[in-house]
Amino acid sequence: MDSLYTYSAIIVMAVVTYIIRMIPMALFSKPIQSRFFQSFLYYVPYVVLCAMTFPGVFSSSLSTVACVLGVLVAIVGAWFGASMLQVAIMAAVVAYISQLIF
């Protein structure tokens, strides 16, 4: 019974994902001319990524100070051109060490 529920959930998610991706292709056959709408669509992935990431980052530890310090180190590292792996490692190490201290 559990496998039926799992397969049903996977199929529903696949259909919903397919529909969400196909609606814009069906409605917008011509290139979008509006600069406002183009810039809006350009920034949507970044906003969604931030909306999904930041709550997880700030609820990952019981110490809010550790979370804030990790985010600050990640922002500074990214600002100065560190790779994504370097930024993630630096932020995790700083958050871990500051969690031990605070």
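Annotations for the structure displayed:
- Reported count of residues in the range 81-102, each being open to solvent by less than 60 Å² (accessible area, probe 1.4 Å) and farther than 18 Å from residue 60 by Cβ, is 2.
Residue by residue, here is whether (1) among the β-branched types (Val, Ile, Thr); (2) over 30 Å from residue 98 (Cα atoms) holds:
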| position | (1), (2) |
| --- | --- |
| 21 | no, yes |
| 35 | no, yes |
| 40 | no, yes |
| 47 | yes, no |
| 50 | no, no |
| 54 | no, no |
| 59 | no, no |
| 63 | no, no |
| 66 | no, no |
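- When residues in the range 63-80 are screened for being part of a loop (DSSP other than H, G, I, E, B) and open to solvent by 60 Å² or more (accessible area, probe 1.4 Å), 1 of them pass.
- Matching residues in the range 6-62 - criterion: being open to solvent by less than 90 Å² (accessible area, probe 1.4 Å), more than 30 Å from residue 94 (Cα to Cα) and part of a loop (DSSP other than H, G, I, E, B): 32, 34
The values are calculated or read from the model by the stated rules, or taken from the named source; none is laboratory data. Since the model is a prediction, treat every value here as computed from it, not as a measurement. A quick note on method: Cβ atoms are made from the backbone with ideal geometry, for glycine too, and the neighbour counts reach across all protein chains shown. When the accessible area is computed, the model is the full protein with side chains, heavy atoms only, and any ligands, DNA or RNA have been set aside. Shrake-Rupley method; radii C 1.70, N 1.55, O 1.52, S 1.80 Å.
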